[in-house]
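Asks: I am attaching a structure below and will ask some questions about it afterwards.
The values are calculated or read from the model by the stated rules, or taken from the named source; none is laboratory data. Note that the structure is predicted; figures quoted are calculated from it, not measured. Cβ coordinates were reconstructed from backbone atoms using ideal geometry, including for glycine residues, and neighbour counts include every protein chain displayed.
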């Protein structure tokens, strides 16, 4: 009998030869200005926007390279659960990198080793910037409400990596997180929400910027002994939709690390049941979405 985790592994391998090839072909032929978002794996994304190629939260380790996160659900499983769908050389062929926070499923040793040290890297604060500079990167910049890169506005947003109960228990581990709003005169406004649950920070960004597209981290990562996820799940996704019903929702951070328990299929079924399937996309690893 094939378990769900084994199926994920098989799926990841199949994507290497299937969706990866599709994404590569699309990247090779997409010379128009229309922005694209490519789901790489977990929260790692390629965002081609305003003529700029951004890499988001790179986790580039080989499958099963490091242990499951201690104190989280399914911690006996090794991370990442699935293979990368594209060659690392293709993934890192970008103009700039955005690291929303330094948890190892967003910024791992493999990424630190693979990325050219001259690439501009945007971080959420001075603390993270100092750490990344200490890893040998020469051009590290701190996001703000007025950041800009090659004509693209990058507006830092706040988030909350769990509930009050989570922060009381492991706040020193969860730490600070951020999101980013992408703006350009010739593109739709895109809100990269980051590792956060639904809260007032997210609601305020939706109201202020009215993004046409929102990228949500929806794996519903679970801590042992505590209720609710430290990133979005089904109810959080519904809350985003209810607050901004015309926004296209792109689900990321799923089926790739041990403590993320919400699957793409489950989220699609929930969206269908609650009437917002038409504005939800759940791209597989290696899949590109034009926006």
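Asks: List the residue pairs whose Cβ atoms are under 8 Å apart, where the first residue sits in the range 118-138 and is closer than 15 Å to residue 177 by Cβ, the second is in a helix (DSSP H, G or I), and the two are 6 or more positions apart or on different chains.
Replies: 123/129; 123/132
Asks: If we keep just the residues of the range 238-253 that are part of a loop (DSSP other than H, G, I, E, B) and in contact with a strand residue (DSSP E or B) (Cβ under 6 Å, 6 or more places away or on another chain), which is farthest from residue 38 (Cα to Cα)?
Replies: 247
Asks: Determine, yes or no, whether residue 121 is crowded, with 20+ Cβ neighbours inside 10 Å, within 19 Å of the chain's Cα centre (by Cα), more than 21 Å from residue 104 (Cα to Cα) and at pLDDT 95 or above.
Replies: Here the answer is no, as residue 121 does not meet what is asked.
Asks: Taking the stated definitions as given, is residue 195 touching a residue at least 60 places away in the same chain (Cβ under 8 Å) and out of contact with any helix residue (DSSP H, G or I) (no Cβ under 9 Å at 6 or more places or on another chain)?
Replies: When the stated conditions are applied, residue 195 does not pass them.
Asks: If you don't mind, another one. In the range 101-121, which residues are in a loop (DSSP other than H, G, I, E, B) and closer than 21 Å to residue 286 by Cα?
Replies: Those that are in a loop (DSSP other than H, G, I, E, B) and closer than 21 Å to residue 286 by Cα: 104, 105, 106, 107, 108, 115.
Asks: Let me ask something additional. Inside the range 65-79, can you point out the residues that are closer than 17 Å to residue 40 by Cβ and either out of contact with any strand residue (DSSP E or B) (no Cβ under 8 Å at 6 or more places or on another chain) or in contact (Cβ under 8 Å) with a residue 60 or more places away in the chain (or both)?
Replies: Of the range 65-79, the ones closer than 17 Å to residue 40 by Cβ are 65, 79.
Selection gives 79 alone.
Asks: Let me ask something else about it. With part of a loop (DSSP other than H, G, I, E, B), more than 14 Å from the chain's Cα centre (by Cα), without any contact (Cβ under 8 Å) to a residue 60 or more places away in the chain and buried (at least 17 other Cβ atoms within 10 Å of the Cβ) as the only criterion, which of 82, 94 stands out?
Replies: Residue meeting the stated conditions: 94.
Asks: Do we find a residue being assigned to a loop (DSSP other than H, G, I, E, B), in contact with a strand residue (DSSP E or B) (Cβ under 7 Å, 6 or more places away or on another chain), at pLDDT 95 or above and over 18 Å from residue 43 (Cα atoms) anywhere in the range 156-165?
Replies: Looking for residues that are assigned to a loop (DSSP other than H, G, I, E, B), in contact with a strand residue (DSSP E or B) (Cβ under 7 Å, 6 or more places away or on another chain), at pLDDT 95 or above and over 18 Å from residue 43 (Cα atoms), one finds none in the range 156-165, hence no.
Asks: Exactly one condition in (1) in a strand (DSSP E or B); (2) within 21 Å of residue 174 (Cβ to Cβ); (3) free of Cβ contacts under 8 Å to residues at least 40 places away in the same chain is false for residue 222; which is it?
Replies: (3)
Asks: Please indicate, with yes or no, whether at least one residue in the range 206-223 is out of contact with any strand residue (DSSP E or B) (no Cβ under 9 Å at 6 or more places or on another chain) and surrounded by 18 or more Cβ atoms within 10 Å (Cβ to Cβ).
Replies: no
Asks: Being buried (at least 18 other Cβ atoms within 10 Å of the Cβ), in contact (Cβ under 8 Å) with a residue 40 or more places away in the chain, within 22 Å of residue 37 (Cα to Cα) and in contact with a helix residue (DSSP H, G or I) (Cβ under 9 Å, 6 or more places away or on another chain) is true for just one of 288, 232. Which residue is that?
Replies: Result: 288 is the single residue among 288, 232 that is buried (at least 18 other Cβ atoms within 10 Å of the Cβ), in contact (Cβ under 8 Å) with a residue 40 or more places away in the chain, within 22 Å of residue 37 (Cα to Cα) and in contact with a helix residue (DSSP H, G or I) (Cβ under 9 Å, 6 or more places away or on another chain).
Asks: Among (1) surrounded by fewer than 18 Cβ atoms within 10 Å (Cβ to Cβ); (2) farther than 29 Å from residue 76 by Cβ; (3) in contact with a strand residue (DSSP E or B) (Cβ under 7 Å, 6 or more places away or on another chain), where does residue 183 come up short?
Replies: (1)
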